[in-house]
1. Per the 1.4 Å probe, what fraction of the accessible area of the chain, in percent, lies on carbon and sulfur atoms?
2. How much accessible area per residue does the stretch 290-387 have, in Å², with a 1.4 Å probe?
3. Taking amide H positions as placed 1.01 Å from N in the peptide plane, with prolines and chain starts having none, which residues 5 or more places from Asp217, or on another chain, fall under 5 Å of its amide H?
4. Ignoring trypsin sites (Lys or Arg not before Pro) that are buried or in helix or strand per DSSP, and keeping those with at most 11 other beta carbon atoms within 10 Å, what is the longest stretch of the chain between them?
5. How are the alpha carbon pair distances in the stretch 121-272 distributed across 5 Å bins from zero to the largest one, expressed in percent?
6. How much length is gained if the chain between Gln63 and Leu38 is pulled fully straight, taking 0.36 nm per residue apart and subtracting their Cα-Cα distance, in nm to one decimal?
7. Along the Cα→Cβ direction, 7 angstrom out, place labels at His144 and Glu85. What is the inter-label distance in nm?
8. Could you give the dipole magnitude of the stretch 199-346 about its Cα centre, charging the beta-carbon of Lys and Arg +1 and that of Asp and Glu -1, in debye to the nearest 20?
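The values are calculated or read from the model by the stated rules, or taken from the named source; none is laboratory data. Only a predicted model underlies this, so the values are computations on that prediction, with no experimental measurement involved. Here the Cβ positions follow ideal geometry from the backbone for every residue, glycine too, while neighbour counts run over all protein chains shown. Heads up: the accessible areas ignore ligands, DNA and RNA and are worked out on the full protein's heavy atoms, side chains in. Shrake-Rupley method; radii C 1.70, N 1.55, O 1.52, S 1.80 Å.
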Amino acid sequence: MVQTRNTSNSRKRYSPDINLNLNVRGLGQSATLEINELSAELIRQGREVFRMGLGQSPFPVPQVVVDELKVNAHQKAYLPVKGLETLRTAVAEYHHRHHGIDHSADNVLIGPGSKELMFILQLVYYGDLVIPTPSWVSYAPQAHIIGRHIRWLPTCSTNCWKVTPEEIERLCESDPQRPRIIILNYPNNPSGCSFSASELKKLARTARKYRVVLLSDEIYGELHHEGHHVSIAKFYPEGTIISSGLSKWCGAGGWRLGTFLFPDSLKWLLNAMAVVASETYTASSAPIQFAAIRAFNGGLEIEDYLQRSRKVLRALGRSLASRLKEAGVRISQPQGAFYLFPDFDGFREQLRSKGIENSVQLSTRLLEETGIAVLPGSSFGCDPELLTVRMAYVDFDGARALAATREVPLAEELSQEFLQFYCGGPIEAVNRLGDWLSELSA
Ligand code: GLU
């Protein structure tokens, strides 16, 4: 008879060895989600924390879209892998209205968040991933997990961290035939900056010259603070995939609904991605897809919601950036989304005397000494020694702020008093940061 062994030693001996895929070994949880959970834990412990780590929309999902979800709660069938036909039509029409791009439902792929679609794109495409530094925290780890070669494009703070056609040219000319996906994200996470139409035209010319696949991450397009978002697909339609979704402009990050729009010339990628989708997540959640039709169809309520959201983000972004500038920090005024990417290089000496020499130390000490939770620039691919951090200005009651904008005439900018009252968290955080910096110099 076999004896049962219950000691922890024997359990160790009989349990499976640790055999992890090499690409996953040593990887930590995504920086955005990790800082979010750490902030929540500190708050549970009674600490005061300004949650500027995770980039989650402060605004509620528009009521008309929530209502649509309610009436569709009973939808229970598996939907087509590529997405519900009516939703795909709504997404194609949305892009037609916004970008003048003439595509149909056949050009659209729906997924459980654009993040998952990006992962599958990298999985099915055989080539390098090219990303500017700084870039959103998950592009590079996804390439790493799949085992793709990553090439970084340098940018510079004086150009608002925007990649230039010259940098793309420099990279591509050394090996012009190499297959590549280049990701452009605008309005940008983490900098809040965006490209003008003429900048996009020039970037498109270089992309076309090297026949690269452009993944145009336009998840913040609707949150361009002036409502002036332009897509590069206008200038390089044959090579551009537009990535979007409900997470940011519709305040529905947790709903997990992402969209990719492909030109006819890249339908082979759409089809290959759908094969992987069919063998992995099957299809996105049915009730969410039905509700998303309402969001992409737009209309007066949605336009009004967007105008008010932009108004709050524009005023708040400007106010925070100018407070930081006043404090001596190098920063560009954001043009979209809800991020700031300050550079503390001017304080290098004072910070060094406090034992802070890189962005991880900077963000850790900021959290410990001021309660401000941010992400280090190194999470976005920056040289660790660069003293940059990303601040997401979303820690306020967006529903209350949106409702209060109704009291202010549409053409009037929101006052500092308004911001102080309705967006007090980020304002207080930046004031504390300013005080912390002046104590450093004292
Ligand atoms: N895009 C958001 C951010 O950069 C969070 C979403 C995520 O990382 O999944 O903070």
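1. On the chain, the fraction of accessible area on carbon and sulfur atoms equals 51 percent.
2. Per residue, the stretch 290-387 has an accessible area of 36 Å².
3. Long-range HN contacts for Asp217: Leu184, Asn185, Tyr186, Ser243.
4. Result, exposed sites excluded: 77-442.
5. The calculated distribution, bin by bin, is 2, 9, 18, 24, 24, 16, 6, 2, 0.
6. On the way: separation 25, 0.36 × 25 = 9.00 nm, distance 3.07 nm.
Length gained, Gln63 through Leu38: 5.9 nm.
7. Going from the His144 label point to the Glu85 one covers 4.4 nm.
8. Numbers: 19 positive and 14 negative charges, 82 e Å.
Here the stretch 199-346 has a charge dipole of around 400 debye.
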